[in-house]
Amino acid sequence: MKNFLITGGAGFIGSNFVHYMLAKYPAYKIVVYDKLTYAGRRENLENAEDSPHFAFVQGDICDEKTVAETIQQYNIDSIVNFAAETHVDRSIMNPVDAVQTNLNGAQTLLEAVRNLKLERFHQISTDEVYGAIPAPNRSREGDPFEPRSPYSASKAAAEHLVYSYFVTYNLPVTTTRGSNNIGPYHYPEKAVPLFTTNAMENQPLPIYGDGMQMRDWQYVIDHCEAIDLVLHKGKLGEAYNVGTGVETHNIDMAKKILDILGKPHSLLTYVPDRAGHDRRYALDVSKLRALGWKPSHTFDQALEKTVKWFVANEKWWRPIKSGEYLEYYKKQYVERR
Ligand code: NAD
Ligand code: TYD
């Protein structure tokens, strides 16, 4: 494993992973393969573009021909698949795109790995495949999947396919199931960057339902370290949960953002709940800890670092909050009332 195709590498976690890998492994080649949907941005890769070990290809993971040509052109031996339609609310509005990229796209990549005999396929999955987990339970890797949104169902289906290629074709696969990430380059449709940037603009923070849903927010670089560890030390055919193992209520997360920014709690605004909203995700992360990983950031540290990044990087997020973003915002937050 030294020539990596990073699909979805222009998105939030993918771009952080690219910066992380280029800094840590100067001998590796990193090729980003990304369709550049609304969520993918070349500027997330600005510094990486200067590296002689980096290349960028614009392409769709559902496009069999371009995938195969790129693998051959760059002598790729391993794929890390971040490419996905990742927003639950958008998957509720448009479930077709989620299934197309998250499931059919994953299969196109698996077929390329099979036909071109690559050394590794790593699937980036999510804690959402387990469905809503009532307290005090925690999801372990062997638990059944009960996905409840088009997004999580498409991710769960992809994982089943990945595992079937391991069993049937002996494909060298590994999988990580991450909890919610936060950090630099997070597209401001997701809760933490949305609340942060709205607060900076003195706009309401839209809290779905009663705000008592829980998520395990982890710092994106901690997640990248976990993926790196599983790539190098994980067992083939296995999946690993990645998270802090600590959950926070949405309303508490929103209040903390306002406190960090010195903004009033009166900006908290309750809005209609998301359809089929999963109340709680919670991971048992002992399997990954046994492999030698632990997160370097608590939730408070991760949140403070993230909010400060958005304060320091208005030039990154301000242009995003225009055009298509405003149309989506209107559909999601004004017309849904
Ligand atoms: P993101 O939405 O920020 O980025 C997704 C990237 O994929 C974009 O660059 C987009 O252009 C690209 N893409 C979309 N469709 C494509 C296609 N058909 N072909 C090629 N590229 C395509 O996503 P993210 O938050 O960085 O998530 C990355 C991965 O991590 C996803 O697989 C997601 O399911 C998973 N994940 C995310 C989180 C989270 O908290 N964000 C948590 C767990 C798992
Ligand atoms: P999100 O960032 O969309 O991630 P996910 O749904 O994949 O966990 O949402 C995180 C939590 O915040 C989730 O419980 C939904 C909630 N939420 C709001 O309350 N308001 C919002 O405007 C958004 C986008 C999310």
Next on the checklist: Suppose we keep only residues that are within 11 Å of ligand 1 (Cβ to nearest atom) and among the aromatic types (F, W, Y) within segment 161-218. Which one would you say is farthest from W316 (Cα to Cα)?
Outcome noted: W217
Checklist entry - How many of the residues in segment 238-260 are free of Cβ contacts under 8 Å to residues at least 40 places away in the same chain and touching a helix residue (DSSP H, G or I) at 6+ places or on another chain (Cβ under 8 Å)? => result 1
Next on the checklist: Given the criterion modelled with pLDDT of 95 or more, out of contact with any His (no Cβ under 7 Å at 6 or more places or on another chain), closer than 15 Å to Y240 by Cα and of a type in the set (S, T, Y), identify the matching residue among S78, S139.
Outcome noted: S139
Checklist entry - Since Y185 meets every condition but one in (1) within 19 Å of G234 (Cβ to Cβ); (2) open to solvent by 30 Å² or more (accessible area, probe 1.4 Å), which condition does it not meet? => result (1)
Checklist entry - Conditions: (1) open to solvent by 70 Å² or more (accessible area, probe 1.4 Å); (2) touching a Lys or Arg at 6+ places or on another chain (Cβ under 8 Å); (3) closer than 21 Å to T174 by Cβ. K117 meets all but one. Number of the miss? => result (2)
Next on the checklist: Among the listed residues A199, A191, A156, identify the single one that is over 22 Å from M253 (Cα atoms), among the small types (G, A, S) and buried (at least 20 other Cβ atoms within 10 Å of the Cβ).
Outcome noted: A156
Checklist entry - L36 is checked against (1) surrounded by fewer than 16 Cβ atoms within 10 Å (Cβ to Cβ); (2) within 13 Å of ligand 1 (Cβ to nearest atom); (3) not in a loop (DSSP other than H, G, I, E, B) and fails just one. What number does that condition carry? => result (3)
Checklist entry - Based on what the data block shows, is D259 out of contact with any Leu (no Cβ under 6 Å at 6 or more places or on another chain), more than 16 Å from ligand 1 (Cβ to nearest atom) and either farther than 22 Å from N313 by Cβ or among the acidic types (D, E) (or both)? => result yes
Next on the checklist: Which condition from (1) open to solvent by 50 Å² or more (accessible area, probe 1.4 Å); (2) of a type in the set (A, V, I, L, M, F, W, C); (3) within 13 Å of ligand 1 (Cβ to nearest atom) is the one that I92 breaks?
Outcome noted: (3)
Checklist entry - Within segment 120-134, can one find any residue that is farther than 19 Å from D97 by Cβ, open to solvent by 20 Å² or more (accessible area, probe 1.4 Å) and of a type in the set (V, I, T)? => result yes
Checklist entry - Listed residues P172, P188, P134; which is in contact (Cβ under 8 Å) with a residue 12 or more places away in the chain, under 19 Å from Q107 (Cα atoms) and not β-branched (V, I, T)? => result P172
Item to check | M212, sole failed condition from (1) more than 13 Å from ligand 2 (Cβ to nearest atom); (2) touching a residue at least 40 places away in the same chain (Cβ under 8 Å) | outcome: (1)
Checklist entry - Which members of segment 67-89 meet the condition of being among the β-branched types (V, I, T) and either within 8 Å of ligand 1 (Cβ to nearest atom) or free of Cβ contacts under 8 Å to residues at least 12 places away in the same chain (or both)? => result T86
Checklist entry - Considering segment 278-335 alone, what residues qualify as being surrounded by fewer than 12 Cβ atoms within 10 Å (Cβ to Cβ) and within 15 Å of ligand 2 (Cβ to nearest atom)? => result L326, K330, V334, E335
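The values are calculated or read from the model by the stated rules, or taken from the named source; none is laboratory data. These numbers were taken from a predicted model, which means no experiment stands behind them. Note: ideal-geometry Cβ built from the backbone for every residue, glycine included; neighbour counts use all protein chains shown. The accessibility values were calculated without ligands, DNA or RNA, using every heavy atom of the protein model including side chains. Shrake-Rupley method; radii C 1.70, N 1.55, O 1.52, S 1.80 Å.
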